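The values are calculated or read from the model by the stated rules, or taken from the named source; none is laboratory data. Just so you know, these numbers come straight off a predicted model, no measurement behind them. Using ideal geometry, Cβ is built from the backbone for each residue, glycine included, and neighbour counts are taken over all protein chains shown. Each accessible area value is taken on the protein alone, full model and side chains, heavy atoms only, with ligands, DNA and RNA left out. Shrake-Rupley method; radii C 1.70, N 1.55, O 1.52, S 1.80 Å.
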Amino acid sequence: MKIASRIAAGTLGLAAATGIALGAAGAAHAGTMPITRPGEPTVAMTITNHTNKPEYLIGSNADGGQWVNAPQQVLYPGASETITAVAPFNNHLDVNAMYRIGVFGPTANYQLTNHKFNVNTGMSGIWGPQSQQYWMNNHIDTGFPQANVGFDQW
């Protein structure tokens, strides 16, 4: 029994270490993004779908820059994604991803404006049919030039 217990404990330990390593590898942070010159804007935007419906991508852009990790086509219930963008040779970066909640539901717009004197999520929100059933919370963790924001949508 001791050998079986040791094998089981070793297997569980290995699985836990692998899960932690994979989780850390998937975490993005705007301060770790590839840049062309110091001080250029970067964005890491983490979106979490807390609803019981998938969200379907209906539009996105990285105005003033380019995608490093573009939004997924479908963000399933309980899932998170981190979209990232950089703005080589620019001094601003506006990033947004628009999703439809469910097949016929409202639109959720996740947007971050990353400018030297203005970092905000003011254009983010949910509108359309049954929009009152959902709400969005966001938090800006770091500002210009490496802006990090998290969105939680219920």
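List of remarks:
- Between ASN137 and ASN90, the modelled label-to-label distance comes to 3.1 nm, taking each label 7 Å out from Cα in the direction of the beta carbon.
- Panel note: the C-alpha atoms of segment 42-142, placed on their principal axes, show extents of 40, 23, 20 Å (largest first).
- Segment ALA70..HIS50, full-extension length gain: 5.2 nm, with 0.36 nm per residue of separation and the alpha-carbon distance subtracted.
- Area of SER131 that stays accessible when all protein chains are in place (1.4 Å probe, Å², to 10): 30 Å²
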